[in-house]
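**Student:** Would you mind keeping the following structure in view while I ask a few things?
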Amino acid sequence: MPLIPSPPHMPEQPGLAQQGLAPAQPGLPRPLAAEDLSRARVLADRLRTRFAQTLVGQETLRESLIVTLAAGGHILIESVPGLAKTTAAQTLATSVSGTFKRVQCTPDLMPSDLVGTQVFDFSKQRFSTQIGPIHANFVLLDEINRSNAKTQSAMLEAMAEGATTIGGERIALPKPFMVIATQNPIEEEGTFTLPEAQMDRFMMKAVMTYPTADEEERMLDMLTRRGSDTIDTSTLNRDALSIQDVEFLRSCARRVHVSDSIMRYAVDLAATSRGTGTNPLRDLAALVRLGASPRASIALVRIGQANALLAGRDYVIPEDVKSFAHEVLRHRIVLTFEAMADGVSADQVVDSVLEAVPVP
């Protein structure tokens, strides 16, 4: 498959904050001020500092978690056992002084175990609602693919609607709300593959790889000095972000300027994965059974805004979109059986898409 190299580019214009422009026109978001950008970078650095105390290496996963938090999305983490998926998720969740719940998914986990149920109160002769663990600011769903289809549908409602239904009563989830899910790709017995609709609700899918020998040695050194294999979160709470800090990051990210050319670039990336776009890939139909939905282009723009904000810019450049294109697209591309038999991966398809679509 011929690949088209990406041409060099330059940002279209300086940031709005650097230009010192007047407030936005009525009906438009207020431009970010220089102090907003400075505060956002400080908050992001505080999160990175906490990760340095609990995780060795895995910089890509760390940035994916932080950017997803700022973008207001959910993230799926996939890796073989023992690569600190749960540790990374717990680190992010406990970095914010909100509520945190961990759910260990099993085949017998029922929707009521997750969202809650109604219990009859004999003293008052009426039903009372008991909410489940998903009613928290941060929810860690460990080994999500072990939960059955009914439970996965309850998760989908919570992630898509920001609310749950218990006994016909709609209960809103707290804000901010973020799901961090993990799954093991090598185990098949007792697992239920997530349907495409469920996968599409995750803004990003991060794939962890084995650490290098140096990183593994540094990990052992950290555990030896700490004297424990588990994290004592009480020692980390001094620098935790507040709920207001997270809402500030998300509000600022939505106000980062996105030019028309960047929007067209995001749309073109998603469209090219579906076999259309301005530079369609030859023979893509033999590799891809289902391409990325329009929700992918939304995620690319939202992630680009968050990445630009954490980099101290109030405008998005193509690198903000490209740097997380694999995480945004890989779980939205469904390969054909022939492609899987030939050992083709979704990441390889994303590589071809990135090469084919010209950078604005």
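The values are calculated or read from the model by the stated rules, or taken from the named source; none is laboratory data. Everything numeric here is computed off the predicted structure, so don't read it as measured data. FYI the Cβ positions are ideal-geometry reconstructions off the backbone, even for glycines, and counts take in every protein chain you see. Quick note on the areas: whole protein, heavy atoms, side chains included, nothing else; ligands and nucleic acids left out. Shrake-Rupley method; radii C 1.70, N 1.55, O 1.52, S 1.80 Å.
**Student:** Relative contact order of the chain, please, whole-number percent, based on alpha carbon pairs below 8 angstrom and at least 6 residues apart.
**Tutor:** 24
**Student:** If amide H atoms are built 1.01 Å from N in the plane of the peptide, which residues on other chains or at least 5 residues away come under 5 Å of the amide H of Leu290?
**Tutor:** Amide H to amide H, under 5 Å and 5 or more residues apart or across chains, Leu290 pairs with Val334.
**Student:** Mind grabbing the accessible area of Tyr315 for me, 1.4 Å probe, Å², rounded to tens?
**Tutor:** So the heavy atoms of Tyr315 present about 40 Å² to solvent.
**Student:** Please state the charge dipole magnitude for the chain, taken about the Cα centre, from unit charges on C-beta atoms (+1 on K and R, -1 on D and E), reported in debye and rounded to the nearest 20.
**Tutor:** Its charge dipole is roughly 1220 debye.
**Student:** Then there's this: To the nearest 10 square angstrom, how much accessible area does Lys101 have with a 1.4 angstrom probe?
**Tutor:** 100
**Student:** Checking the a/c ratio against 1.5 first, then a/b against b/c, what shape does the Cα gyration tensor give for region 275-341?
**Tutor:** The shape class here is prolate.
**Student:** Pop the C-beta distance of Glu319 and Ser261 into the FRET formula with R0 = 22 Å and round what comes out to the nearest 0.05.
**Tutor:** 0.95
**Student:** Based on the mean of other beta carbon atoms within 10 Å per residue, what is the order of 139-152, 110-123, most packed first?
**Tutor:** Result, highest mean first: 139-152, 110-123.
**Student:** Next up: With θ set to phi - 60°, apply the Karplus curve 6.51 cos²θ - 1.76 cosθ + 1.60 along region 114-128 and write out the HN-Hα couplings as whole Hz, x wherever there is a Gly or Pro.
**Tutor:** Working through the residues one at a time gives 9, 8, x, 8, 9, 10, 7, 9, 5, 5, 9, 6, 7, 7, 10 Hz.
**Student:** What ³J(HN,Hα) values, in whole Hz, does the Karplus curve 6.51 cos²θ - 1.76 cosθ + 1.60 give for region 264-271 when θ = phi - 60°, with x put for Gly and Pro?
**Tutor:** Rounded to whole hertz, the list is 4, 4, 5, 5, 5, 4, 5, 5.
**Student:** Here is a follow-up. Could you order the peptides 92-100, 54-62 from most to least packed, using the average number of other C-beta atoms within 10 Å per residue?
**Tutor:** 92-100, 54-62
**Student:** Amide H neighbours of Val207 under 5 Å, counting only residues 5+ apart in sequence or on other chains, H built in-plane at 1.01 Å?
**Tutor:** Amide H to amide H, under 5 Å and 5 or more residues apart or across chains, Val207 pairs with Glu78.
**Student:** Ignoring ligands, DNA and RNA, what percent of the 1.4 Å accessible area of the chain is carbon and sulfur?
**Tutor:** In the chain, the share of accessible area belonging to carbon and sulfur is 54 percent.
**Student:** Set the Förster distance to 25 Å, then compute FRET efficiency between Gln104 and Glu59 from the Cβ-Cβ distance, nearest 0.05.
**Tutor:** 0.35
**Student:** Hey, another quick one. Distance in nm between label sites at Arg170 and Asp347, each 7 Å beyond Cα in the beta-carbon direction?
**Tutor:** 4.1
**Student:** Further, regarding this structure: Excluding same-chain pairs closer than 8 in sequence, count the lysine pairs in the chain whose Cα atoms lie under 19 Å apart. Walk me through the numbers before you get to the answer.
**Tutor:** On the way: Lys85/Lys101; Lys85/Lys205; Lys101/Lys175; Lys205/Lys322.
Eligible lysine pairs with Cα atoms under 19 Å apart amount to 4.
**Student:** Pop out the ³J(HN,Hα) list for region 202-218 in order, Karplus 6.51 cos²θ - 1.76 cosθ + 1.60 with θ = phi - 60°, rounded to Hz; leave Gly and Pro as x.
**Tutor:** 7, 5, 9, 10, 9, 10, 8, 10, 5, x, 6, 4, 5, 5, 5, 5, 5
**Student:** With every protein chain left in place, what is the accessible area per residue of the chain in square angstrom, probe 1.4 Å?
**Tutor:** Values: 17290 Å² over 360 residues.
With the other protein chains kept in place, the chain gives 48 Å² per residue.
**Student:** Subtracting the Cα-Cα distance from 0.36 nm times the residue separation, let me have the gained length for Arg289 to Thr224 in nm, one decimal.
**Tutor:** Gain on stretching Arg289 to Thr224: 18.6 nm.
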